[in-house]
1. On the given criteria, is G158 of a type in the set (G, A, S) and surrounded by fewer than 20 Cβ atoms within 10 Å (Cβ to Cβ)?
2. What's the number of the condition L25 fails, among (1) outside any loop (DSSP other than H, G, I, E, B); (2) in contact with a Pro (Cβ under 9 Å, 6 or more places away or on another chain)?
3. What pairs come out if I take residues in segment 59-72 that are modelled with pLDDT of 95 or more and pair them with residues that are surrounded by fewer than 16 Cβ atoms within 10 Å (Cβ to Cβ) and assigned to a helix (DSSP H, G or I) whose C-beta lies under 9 Å away, six or more apart or interchain?
4. Identify all residues within segment 96-113 that are hydrophobic (A, V, I, L, M, F, W, C) and open to solvent by 10 Å² or more (accessible area, probe 1.4 Å); write none if there are none.
5. Out of P57, P43, I need the residue that is within 18 Å of G132 (Cα to Cα) and part of a loop (DSSP other than H, G, I, E, B). Which one?
6. Sort through R150, R212 and tell me the only one that's among the basic types (K, R), touching a residue at least 12 places away in the same chain (Cβ under 8 Å) and farther than 23 Å from R60 by Cβ.
7. What pairs come up if the first residue lies in segment 288-300 and is part of a helix (DSSP H, G or I), the second is among the aromatic types (F, W, Y), and their beta carbons are under 6 Å apart, counting only those six or more places apart or on different chains?
8. Please identify the pairs in which a residue from segment 1-28 that is at pLDDT below 95 and among the basic types (K, R) has its Cβ atom under 8 Å from the Cβ atom of a residue that is part of a loop (DSSP other than H, G, I, E, B) and surrounded by 14 or more Cβ atoms within 10 Å (Cβ to Cβ), counting only partners at least 6 apart or on another chain.
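The values are calculated or read from the model by the stated rules, or taken from the named source; none is laboratory data. Fair warning: this is a prediction, and the values are worked out from it, not measured in the lab. Cβ placement follows ideal geometry from the backbone for every residue including glycine, while neighbour counts extend to all protein chains displayed. Areas reflect the complete protein model, heavy atoms only, side chains present, ligands, DNA and RNA absent. Shrake-Rupley method; radii C 1.70, N 1.55, O 1.52, S 1.80 Å.
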Amino acid sequence: MDDGFKLKHLLGIRELSADQIVHLLDTAETFRDVSKREIKKVPALRGRTVINLFFEPSTRTRTSFEIAAKRLSADAINISVSTSSVSKGETLLDTARNLQAMAPDCIVIRHSSAGAPYHLARVCDAAIVNAGDGAHEHPTQALLDALTIREHKHSFDGLKVAIIGDILHSRVARSNIYLLAKLGATVSVAGPGTLVPPEFAGLIEQGVRLERRIEDAVVDADVVMILRVQRERQTDAFFPSMREYAVNYGLHLNHMSLAAPDAIVMHPGPMNRGIEVSSEIADGGRSLILDQVTNGVAVRMAVLYLLAGVGHELEVPRKGNGPSFSDSRSTGGVRGRTRNPKRGTRN
């Protein structure tokens, strides 16, 4: 595999080049087909161990990583922090060193503190994947969002993306802004003044615009991305009430009339229906929220595949020619290593 695409860890989008991002998306596109097969499994990571270490509640991300590991034939271990030694006072680094002593190939971590995955990367030989660290970054969410956008828009050049909502507390917003700027899209962000921090003005040189009104951000947008109001991270009153937020910053049908005719709507979940987005939009034809969930498995398969130490064994071709696997009705192997069919069975 080209040295330019080799990654030891996936800690954030900011550290990736545009070529590395495209390569991850190309690889994920290939893995998306695995989920459509009769037998949804390939042996790419057989004998590898992936540990999911989640210090925050998660449904989609944790389940997605577990499914991704199992579809690659890796052994997936989920650690519940509430029943782990962390609840007894063990530090994060001690936990990491103990896990490292068990020789895992990859550790997927979600933590409430920004920078936690970077600490693990310094002490662990295993590949570290950031599944969300505080309000810092959520790289695989941005990658799955990008895969969804590319599937429907084909190119990022000149694409206008509006990100609406709780920007201040959103790691999804940060990762998406970094990714979209690297791939040539322009981004407008909007939300209450208390939730759109002034420091985002420093990103304007990357094509980011700050708007105070949702209408101004949505005008001519090709993609409208809604963010959840993250009440669990809010220690102050950032707006008078959820009702007022819904009136002024919730996405409604009248807003979509301002967007491009073929605009798509996205949301990283979980949704607060009737607050950030109306049910008519969330369940409408422009909504790609469930497509994002589907693409999440493919992206996380690609990330685990490229980081879990297989690059030196299985070459991953560049530019859209990702790993190729055998027919869906077999348990599969890498091309050229399919099983011989038995007499009387379908191949």
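1. On the way: of a type in the set (G, A, S): yes; surrounded by fewer than 20 Cβ atoms within 10 Å (Cβ to Cβ): yes.
So G158 fits the description; yes.
2. L25 satisfies all of (1) outside any loop (DSSP other than H, G, I, E, B); (2) in contact with a Pro (Cβ under 9 Å, 6 or more places away or on another chain) except (2).
3. From residues that are modelled with pLDDT of 95 or more, the pairs are I67/S35; R71/S35.
4. Of the residues in segment 96-113, the ones hydrophobic (A, V, I, L, M, F, W, C) are 96, 99, 101-103, 106-109.
The answer is L99, A101, M102, A103.
5. Numbers: P43 fails: within 18 Å of G132 (Cα to Cα).
Answer to the selection: P57.
6. Working: R150 fails: farther than 23 Å from R60 by Cβ.
Answer to the check: R212.
7. A298/F31; R300/F65
8. Cβ pairs passing all conditions: K6/G311.
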